[in-house]
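To keep things clear, I will list the structure first and then write my remarks on it.
Laboratory data are not the source of any read-out in this text; all were calculated from the coordinates shown. As the structure is a prediction and not an experimental result, all values here were calculated from the model. A quick note on method: Cβ atoms are made from the backbone with ideal geometry, for glycine too, and the neighbour counts reach across all protein chains shown.
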Amino acid sequence: MKVDNIDIVTEIATAGYAIAVNLGPGSVDYSHSTYPGVWQELYVKEGLHFGDPIIIHAMRNEPGKSRWSEIAVPDSMNVLERAHQFGMRFGAVVWLPNARGFMSILTAARSDREFSDAELEALETSLKKVVET
């Protein structure tokens, strides 16, 4: 797995990103996050992944990509509102399942504006390259 394929992600995800490759029940082959450390600690400590509408959306849908603002899953744990407090106001998610039924997912954030269509495509291409290597 070559994670150097995600240089473009660092450029366009100006408020950080997180990637998990082959995420399965209780396991993940690779994960990395550049989100603020305080946010990562809060996310884990409070178990926000259980109610994260971005993750829930990805797990319930066919492979694809979405801006956070396009996701209609209820945010019962106020994950997105809390993320805003750490500069992650706009975001995108790309997800791909593999043949074993595991999921690879890339979330990316910005503080200044929505991701463009071209940036969504770049995120998707980056995740595919990581998963395929």
Given (1) free of Cβ contacts under 8 Å to residues at least 60 places away in the same chain; (2) under 21 Å from Leu127 (Cα atoms); (3) not polar (S, T, N, Q), Tyr17 misses just (1)
Q: Taking Ala118 as the residue in question, decide whether it is in contact with a Gly (Cβ under 9 Å, 6 or more places away or on another chain) and either in a helix (DSSP H, G or I) or buried (at least 16 other Cβ atoms within 10 Å of the Cβ) (or both).
A: no
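With respect to Ala58, determine if the residue is touching a Gly at 6+ places or on another chain (Cβ under 9 Å), under 16 Å from Glu124 (Cα atoms) and not in a loop (DSSP other than H, G, I, E, B).
Numbers: touching a Gly at 6+ places or on another chain (Cβ under 9 Å): yes; under 16 Å from Glu124 (Cα atoms): yes; not in a loop (DSSP other than H, G, I, E, B): yes.
Yes; evaluated as a whole, the condition is true for this residue.
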Expected output for the range 60-75 (first residue at negative phi, partner β-branched (Val, Ile, Thr) and assigned to a helix (DSSP H, G or I), Cβ below 7 Å, 6+ apart or cross-chain) is Trp68/Ile54; Ile71/Ile54; Val73/Ile56
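For every residue, the table says whether it meets (1) in contact with a Ser or Thr (Cβ under 7 Å, 6 or more places away or on another chain); (2) farther than 19 Å from Ala83 by Cα.
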position: Val28; (1), (2): no, yes
position: Gln40; (1), (2): yes, no
position: Val44; (1), (2): no, no
position: Leu48; (1), (2): no, no
position: Asp52; (1), (2): no, no
position: Ile55; (1), (2): no, no
position: Met59; (1), (2): no, yes
position: Gly64; (1), (2): no, yes
position: Arg67; (1), (2): no, no
